[in-house]
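Heads up: the structure comes next, in structure tokens.
Each reported figure results from applying straightforward, stated rules to the coordinates on display, with no laboratory input. Small disclaimer: the values here were computed from a predicted structure and weren't measured. Cβ: placed from backbone, ideal geometry, glycine included. Neighbour counts: every protein chain shown.
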Amino acid sequence: MQHSSCIYSISQHYPDEWFGGKFVLCPLLSKIYGISPRFRKSSPRRIGVCVYLNSRAVVLFKCRILGLSSGERSGSVSIPSFVKAGGRDSILRFLEGFQYADGSFVCANSPCVRITTSSLKLATEIDATANEISGFSLRITGEGIRQWVRFVRLLNPVEVSKFLVWNTLSECPPRLFLRQCVSLLLGDVVPADFLTRQSDEDHKKRFLGSVDLLTLFVLRNDSLNADGLVTESVARSREAAVRSVKRLRRDGFLRNSLCGKPSSYSLSSKGVELIEQFEEAWEIIRHENPKFFH
């Protein structure tokens, strides 16, 4: 929270976190505060997307009524007193939200749920809860993962997809983006297809694959030109959006729109098929916590 400019914001990684921002955070914040959040790039230096509310009332409510900190005070935070007063279930729901922002499902030879904080007090409180639920601390491994997720549900679609890959296939390769997790969930590929391809160049290709998935998703219902695509997808730049379009046209997923809009693009039959597959996987992801997914 930035008290001086009255902005309440949540920053996440691009491009995969766009989906969580769009279908989890925005509906949730709108329902709580009655204000439609906005999307923007998190900063010129970071590859991120930011969901934010520009509201003095929201910031004052968070700080003065709920007693939450504003600005750079992450090293001194703890579970708010009103959350503790609500009992165990209230604390677990708090941890769900905290886990969205500062937790992750880590894929590797030893998969785990990892939660990070620079506050020793908060770390101690989370550690006590984790130990009570799963017998593990802030790095929850093995069977403790399933036990933890049963009580502290994953809300972030990206982390849900990685957990489901691990839970279904008993392994989840590291350094994957949403597009690759979708392919694994649908059975189009197997983990071994990724385990031997872990170079920086492989990682870059996977990143661009997820950027292109987002481009297709934004264009699924309406044709847009490059500027419209930049706005809707919160792309890094106009040049990045154009490069994504070129890759998708080269691979047969996009075509020039027939609607008469100048220099606009829409999905080809191949692109429609890919988005239908993604929406099938999205339902699998959504089923993990349908209360928060729209």
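Numbers below:
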{"item": "Whole-Å semi-axes of the ellipsoid equivalent to segment 7-128 (Cα gyration tensor, √5λ, descending)", "result": "23, 21, 14"}
{"item": "Relative packing of 216-223, 32-39, 83-90, 149-156, which averages over residues the other C-beta atoms within 10 Å, highest first", "result": "149-156, 216-223, 32-39, 83-90"}
{"item": "Quarter of the Cα convex hull surface for segment 200-277, i.e. its orientation-mean projected area (nm²)", "result": "5.1 nm²"}
{"item": "Listed residue pairs exceeding 22 Å between alpha carbons, taken from Lys62/Lys121; Lys162/Lys270; Lys41/Lys270; Lys62/Lys84", "result": "Lys162/Lys270; Lys41/Lys270"}
{"item": "The chain - Debye-derived log10 I(q)/I(0), Cα point model, q = 0.07, 0.09, 0.11, 0.13 Å⁻¹", "result": "-0.29, -0.48, -0.72, -0.99"}
{"item": "For segment 76-176, convex hull volume per residue from C-alpha positions, Å³", "result": "90 Å³"}
{"item": "With 5 Å bins from 0: P(r) over segment 153-294, alpha-carbon pairs, percent", "result": "2, 10, 18, 20, 19, 16, 11, 4, 1, 0"}
